[in-house]
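Down below is the structure, laid out as structure tokens.
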Ligand SMILES: [Zn+2]
């Protein structure tokens with residue numbers, strides 16, 4: 001425990017040359033959860049690979065109660081196993097809000113820090129099965145991670161979904177918007193806030209899609225998203241950090257973006273409940 005606190009306090013850059021196991025990565029969070037009133041570990045999303053047990057880690061963070069009903073947000077990282085920046089950012093984000101729960105007033109955050117545990121441990125984009133899990137959603141996929149995540153997306157009916165990714169072809173930060181029309185009003189302040197850490201990708205075409213100020217309005221088929229056909233649609237944001245940036249800047253950018261989206265969404269809910 002002493003080591004963990006020291007690392008947090010001195011903010012040492014993580015040694016990215018050594019890839020931790022999922023258990024090692026999440027040990028500090030589980031330790032915090034064991035004495036936190038707000039952070040809950042939810043074991044039980046398990047699957048087997050060649051007879052070996054694996055777990056899809058799930059956390060619930062309950063922010064201080066607000067006047068309105070709790071706002072349920074799903075935060076997903078590491079569905080591509082070689083994109084560890086988002087995974088580390090989410091772990092750090094949970095540590096941060098546990099220290100300052102007032103940042104999450106009115107929210108229930110359902111956090112999935114490692115959506116592709118076998119890919120994360122092997123350092124591969126795809127899972128052990130060789131599949132890109134982020135092309136498998138809502139297609140009757142038999143991939144166990146996808147089935148578990150689809151079940152989470154169906155049962156929690158999130159108001160908003162945020163996914164973290166890294167792009168090795170982009171030199172700037174950008175994002176995809178989907179779902180509710182207000183999504184664009186949430187990503188704009190987030191991209192602006194991120195600019196204190198990383199440049200924005202302002203290209204007219206990013207990843208083959210037309211883009212405007214770092215925002216793409218379409219996307220790949222089969223990505224992690226809300227169940228098809230549900231109404232109202234939640235907001236759905238995919239954040240993409242440039243792979244070649246400094247580790248600390250990428251993590252700071254993700255954390256800033258997450259917090260900015262939460263701050264920007266709260267007034268919409270308050271307004272809607274007063275209508
Ligand atoms: Zn990705």
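Values as computed for the structure displayed
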quantity	calculated
Residue within region 71-82 that is crowded, with 16+ Cβ neighbours inside 10 Å, farther than 20 Å from residue 164 by Cβ and either away from the ligand (no atom under 16 Å from the Cβ) or modelled with pLDDT under 95 (or both) present	no
Filter pass, residue 48 being at pLDDT below 95 and assigned to a strand (DSSP E or B)	yes
Selected residue (criterion: nearest to the ligand (Cβ to nearest atom)) from residues of region 121-136 that are closer than 20 Å to residue 153 by Cβ and touching a helix residue (DSSP H, G or I) at 6+ places or on another chain (Cβ under 6 Å)	133
Tabulated pairs, region 187-200, first modelled with pLDDT of 95 or more, second in a loop (DSSP other than H, G, I, E, B), C-beta under 6 angstrom, 6+ apart or interchain	191/214; 198/245; 199/172; 200/172; 200/214
Residue within region 102-113 that is closer than 16 Å to residue 61 by Cβ and within 16 Å of the ligand (Cβ to nearest atom) present	yes
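The values are calculated or read from the model by the stated rules, or taken from the named source; none is laboratory data. No experiment lies behind these values; they were computed from the predicted model shown. All Cβ positions, even for glycine, are placed from backbone atoms using ideal geometry, and neighbour counts span all protein chains on display.
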